[in-house]
Each structure stands twice: as structure tokens, then as C-alpha cells.
């Protein structure tokens, strides 16, 4: 019985076709998965942006409320309402600082943080030989 070469060619073509279908299907599946991951990440970013906006709005409201309570008239009214008996400081009690107060407080807070102070010395006993 003689086998023709056409059957071998058809079998190879069928195998190659199945391999190409599987390969293109896996590429398609990978593309769909990546698009899904992009969508999930975009939704997460959108929720984080909304939360950040809400927190910034709440912070602005809190700052506004605190600033309104620091007004001189409000403080004088609270002093009278609550019978605190507080008085304004005299000019001798007020100290004016020539530098920026924010930078001064930052320098005070960060003093020693970057090694600008000498480390404390410690003595250590190391025995060099056994007796």
C-alpha cells in the first residue's frame, strides 16, 4: 500500500493550523486579561482620587473653622462667655524673632537628625588574650 505525500502535508497543515489557533487564542486571552487589569487599576485610581479630594475638602473645612476661631473678636467673646479672665500680653512679654518661624521650628526639630551632633562616647572592654 502506497501512501501519498498529500496525507503527510495535510497532517502537517492541520497541526500547524491548530498550533496557530492556540497561539493566537493565548495572545487574545492575554490581551483581554491585560485590558481587565488596566480597567481595575483605573477604577482603583479613580476611587483614590475621589478619597483624596474628599479628605482635602474636609481639611479645608477644618482649617477654615480653626482660622475663624483664631480671630481676635471671637477669642475675646469666648473669654467673656467662659469667664476665663485672660488678658492680652504686654509688650514686654512679646518676643519677635528675626528669622522665619517655620524654618526655625524645622531646624529645632531636625537637630541631631543628620549627624550634626557628636555621638556619645562609650568605653568597651575587649579582652585580647586568655590567661
- Tally the residues that are assigned to a loop (DSSP other than H, G, I, E, B) and either surrounded by 10 or more Cβ atoms within 10 Å (Cβ to Cβ) or within 39 Å of the chain's Cα centre (by Cα) (or both), restricting the search to region 55-87. 4
- Right, residue 13: at pLDDT below 95 and part of a helix (DSSP H, G or I) or not? yes
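The values are calculated or read from the model by the stated rules, or taken from the named source; none is laboratory data. This one's a predicted model, so the numbers in the text were calculated from it and none came from an experiment. Glycine gets a Cβ as well: all are built from the backbone with ideal geometry, and neighbour counts include every protein chain shown.
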